[in-house]
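Everything below concerns the one structure shown next.
The values are calculated or read from the model by the stated rules, or taken from the named source; none is laboratory data. Please read all numbers here as calculations on a predicted model, not as lab measurements. Positions of Cβ are backbone-derived with ideal geometry, glycine not excepted, and every protein chain shown enters the neighbour counts. For the accessible areas, the whole protein counts, side chains as well, though only heavy atoms, and no ligand, DNA or RNA atoms are used. Shrake-Rupley method; radii C 1.70, N 1.55, O 1.52, S 1.80 Å.
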Amino acid sequence: MTEPPLLEVRDLSVSFPQASGIVRAVRGISYTVNQGEFLGIVGESGSGKSVSSMAVMGLLPRNAVVTGDVLLRGESLLGRDDRELSRLRGKEIAMIFQDPLSALTPVYTVGNQIAEGLMLHDKGLGAKAAAVRAVELLRVVGIPAPERRVNAFPHEFSGGMRQRVMIAIAIANDPNLIIADEPTTALDVTIQAQILEVLQKAKELTGAAVVLITHDLGVVAGNADRIAVMYAGKLVETGAVDDVFTRPVMPYTIGLLRSVPNLVTAGRTRLVPLEGRPPSLSNLPPGCPFEPRCPIAVSACTTEEPPLLQLRGGHDAACIRAGEIESGVLHPSDVFPRPEPVAEGAKVVNERESILSINGLVKHFPLTAGMVFKKQIGTVKAVDGIDLEIRGGEVLGLVGESGCGKSTTILEVLEMTSPQVGSITIAGRDVAELSKAERLSMRKDVQIVFQDPMAALDPRLTIEDIVGEPLTVHGTSRTERRRRVAELLDLVGLEHTMAGRYPHEFSGGQRQRVGIARALATSPKLLVLDEPVSALDVSIQAGIMNLLEDLKLQLGLSYLFVAHDLAVVRQIADTVAVMYLGRIVESGEVGEVFARPHHPYTQALMSAVPIPDPEAERSRVRILLDGDLPSPTDEISGCNFHGRCPLFKLLDPARQQRCLTEDPHLRVIDTTSAACHHVDQNTLQPL
Amino acid sequence: MALLDPTTQGEVDLTAALVDPGKAPRNSSRARLIWLRLRSTPRFWVGAVIVVGMIVWAIAGLWIAKWSPLDQDLINSSTGPSTSHWFGTDDIGQDIYAETVSGLRKSLVIGLIAGPVGTLIAAFVGAFAGYLGGKADAVISWLINFLLVLPAFFILVLLSPVFKSLSFLVLTAFIAMFSWMIMAQVIRAQTKSLRDREFVKAARFMGVGTPTIIRRHILPNVASLLIIDATLGVVAAIDSETALSYFGFGIQRPQVSLGVLLADGTPSATTRPWMFLFPAIVLIVLLFAVSLVGDALRDAVDPTSGNTRD
Ligand SMILES: Nc1ncnc2c1ncn2[C@@H]1O[C@H](COP(=O)(O)OP(=O)(O)OP(=O)(O)O)[C@@H](O)[C@H]1O
Ligand code: SF4
Ligand code: SF4
Ligand SMILES: [Mg+2]
């Protein structure tokens, strides 16, 4: 046991001197990574995850003040000059970034960039040999037709493929340590599953240790051996993944774990919200940084910051009351109890009449080329004949990967004009037949909540003006508006004294509450929610989800809930529709679709969602999809999923022929509707 | 990289929550920030003090003068600065000081009207074109490009017989009409990107009308640009007026502007320099000072000069 660990970070601190004070982004963290180990670092946005790993790589901006030490096999990395560091980088340590487009040079081919890295570190390697090795690496990371693709430029690749190239470059020189900073955050779940698979493969091939930075607990549960939780620039809990997930000790970890919706349990229990926001790192008050949000804080918590202390075999936590929690005196469910559901009496029972009905909706965009003489060179089939139905008091979850047509669908609903093909009926009225005045008054009934709460609120208006804006359209008097705004703010859980403030003074979760209050101003019947929680930190999502659930029950609202996160949809929706390339491929009652999906795409989508439970993750069989979402301009004959369909590959040629020539339509199968010819042949086992 | 956009907003002012919503401060923190930065720019103060000083002088300068612009002191014609004629007199005995103040007054009025009016036209035309898009945008863009290729000075020269006989306000209007195009293009581009912002979409789906959306959401969000443009527009308008008048196509005697005075002083600039020099100095100082203010404003607003954007 004389061998030093592969990577040892000792009391690392990073601060950025700024006009407004010193930002202490990382405040004394220590951890080690052993050869071949997989460490997952999780934490909220701004907790210092990126900064601490940038410090390890020596990639911080010049104004950063770094103290402490970083040792690679016992040798210090800090204070080395740039040349030495770049030699180490790539050869010993490789880094994978969230945004591969900015990490790849746009003017060189992908092959050149891989070869360049290879030759830089292996002077004896000739250009020919490097090119051959580049092709080989691309094959390893799963780029189809690598001989051809090696000559492509980065912009010709999709996000997922670029990330594969980054992994290829990272493993090119057989590094001992790979640091990946949110490598899959910008990607869809099915692509994320592919990339994580490639990362695992790369780890096996090179025997390297991996440090994976992510905010997704599910990703950590499924991949990492050890987890480190960061909060306000400190490590607050570390340990083996199973240990921390089953017996978390630090209240922040407990809150985090209890707040994430879990695909397996979602919809049955309420989420546990973790309110508040992390402290500002520029002048931290003394004491535990989690104290303002901690439900079990005691007075001692405000005086001294608890250090990270060893509990039992390799499980450390930083909390004054760690002993009580560990010994079971305080149970995690006492720390963050589940909130009570809305009382029966407060519920509004809705007549189950149709609120929104979409029939055969089509929206095609012409794709034109040429600057002066525009000519049509194709059609983007953004929405290609879909039916949706929402009844009073119901939530329809619309799920699908980015680019599948979800946003176009909701924009068509909100425009309230006659669609290209098909019809949209809101509360029994066909929108194509509305007069201008009727359309204006119908806008009262349908309101929208956007994904990014900062972008959706005019930064120059006060909260009062923002929330009251829908009322100005319908001629509400100023005093009445003010009264209503106060009422709405109360309803969404904000102080009505905040009405005079501006959006930037609020946290992300509070801003989303403002957005919801605005949407409720005209007492709508239908709320269109476009990814309402995906821009929020996980800990805050739960509070918003609970609010939406409560509002639905209290006000008898219907939601069209658009999301890519299946667990979130499972939590709130009554019915679900799965969209793929402008079509609905499966729809039905949410419990049925999630328990027994029939369409191979639905199955793949579900199996790609990481579950924040290491044990469940290990026992899962993933159905991986091949390749990326085809471009919506492609003319695909037959079933538009056949190029990626995992079931298609298992079929005999006669059946495959049917997939290739005949377009499947939605039909009822058991309890759901699916658009697949061969549901009876489906032997795929998701989850 | 997430590194570069700090996620933690500044400290929330807790006392603000206790203030009555109706009385809460209305200026957004962005405006406050710009003001803070302006305040610490010496250029701004130098410019602002000179501009204010010149405005005061233009208003009050004649009260202390011994002569009015129209008086003729024939005994003392063509004399240099003296205790009686501070800036000297011209060939027909008119007091250069009185004429300069009166010319400055006219030039200032023209500049202060034409600059902001041009900006106003730019704001509305640009915002409507950018917001409406489609046909309306195509027509307006075509018009803007057409006006841009027209030689504005030449047109004003051609039109000068029309406004020679009319009030100087007509000239002012013409100057404004030829000075908004570039800014309109900038505003149009800004509006196009604002139109896709979600708060604008949200307003549209609430049923808020186009003029209200432009007034409430688009223009306030380009306000800083407009303020800069209006300031620098003052400089441009005074420039245009001076040039036109200098060549005899702008303000006509008996009215005077700085351009008229420069034109009158030019032939004798070497023999009797005071006739040319004093109006020229006043003009240069004025333009310089307004430019300083505009420049300082631009720097204070410039989004690339810090990470303080909201
Ligand atoms: N160059 C810099 N100058 C000043 N402050 C910085 C700089 N880079 C990062 N910070 C600050 O350091 C803190 C930690 O940032 P970091 O990027 O490590 O967070 P993170 O945990 O990676 O968050 P995310 O989940 O958003 O990626 C933040 O408060 C951030 O604003
Ligand atoms: S130290 Fe105190 S405030 Fe911090 S997590 Fe533990 S109990 Fe909560
Ligand atoms: S129709 Fe064929 S290709 Fe399409 S989903 Fe079913 S099996 Fe797959
Ligand atoms: Mg980060």
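Chain B contacts chain A over a buried accessible area of about 3600 Å², both sides summed; the probe is 1.4 Å and only protein chains count. Counting Cβ atoms of other protein chains within 10 Å of each Cβ in B:189-200 and taking the mean gives 3. For the stretch A:135-246, DSSP calls about 55 percent of its internal beta bridges antiparallel.
Extents of the stretch A:260-335, taken as max minus min of Cα coordinates on every principal axis and listed largest first, are 40, 32, 22 Å. Taking a point 7 Å out from the Cα of A:ARG338 in the direction of its Cβ, the residues of the stretch A:520-560 whose backbone N falls within less than 17 Å of it are A:542-543, A:545-547, A:549-550. Eigenvalues of the alpha-carbon gyration tensor of the stretch A:119-213, scaled by 5 and square-rooted, set the equivalent ellipsoid semi-axes at 22, 18, 10 angstrom, largest first.
Amide H to amide H distances under 5 Å link A:VAL26 with A:VAL14, where only residues 5 or more positions off or on other chains count and H is placed in the peptide plane. Here the stretch A:525-600 was treated as a single set of alpha-carbon atoms; its pair distances binned every 5 Å from 0 give 3, 14, 25, 24, 18, 11, 4, 0 percent. Within the accessible area of chain A, the carbon and sulfur atoms contribute 52%, probe 1.4 Å, all protein chains present. Considering only the protein assembly as shown, what is the antiparallel percent among its DSSP beta bridges, to the nearest 5? So the antiparallel bridges in the protein assembly as shown amount to around 60 percent.
Can you tell me what percent of all Cα-Cα pairs in chain A are more than 47 Å apart? Here the tail beyond 47 Å accounts for 21 percent of pairs. Helix B:29-39 and the longest principal axis of the C-alpha atoms of chain B enclose an angle of approximately 30°. Using the Cβ-Cβ distance between A:THR105 and B:VAL162 with R0 set to 51 Å, the FRET efficiency works out to roughly 0.25.
Estimated from the Cβ-Cβ distance and a Förster radius of 25 angstrom, the FRET efficiency linking A:ALA127 and A:GLU84 is about 0.45.
Pick out which of B:GLY294, B:GLY207, B:GLY130 has the largest mean-square fluctuation in a Gaussian network model of chain B, springs linking Cα atoms closer than 10 Å. Residue with maximal mean-square fluctuation among B:GLY294, B:GLY207, B:GLY130: B:GLY207.
Only helical runs count toward this figure. For the protein assembly as shown, summing -39,500 (n - 2.57) over DSSP H runs of n ≥ 4 and dividing by all residues gives -13000 deg cm²/dmol at 222 nm. Inverting the pair-averaged 1/r between distinct Cα atoms of chain B gives 22.3 Å as its Kirkwood hydrodynamic radius. Rounded to the nearest 0.05, what FRET efficiency do B:TRP35 and A:HIS504 have when you use their Cβ-Cβ distance and R0 = 22 Å? Efficiency, from the Cβ-Cβ distance: 0.85. Report the residue, chosen from B:LEU277, B:LEU258, B:LEU292, that carries the largest GNM mean-square fluctuation when chain B is represented by alpha-carbon nodes joined by springs under 10 Å. Largest GNM mean-square fluctuation: B:LEU277. Between B:GLU198, B:GLU99, B:GLU241, the residue with the greatest mean-square fluctuation in the GNM of chain B (Cα pairs under 10 Å linked by springs) is B:GLU198. Based on Cα contacts under 8 Å between residues 6+ apart, chain A shows a relative contact order of 13 percent.
Note that the stretch A:598-681, at 4 °C in a medium of 1.567 mPa s, gets a Stokes-Einstein diffusion coefficient of 91 µm²/s from its Kirkwood radius over C-alpha pairs. Mean per-residue shielding of peptide A:497-506 is 6, counting Cβ atoms of other chains within 10 Å of each Cβ. The mean accessible area for residues of the stretch A:598-681, using a 1.4 Å probe and ignoring ligands and nucleic acids, is 46 Å² per residue.
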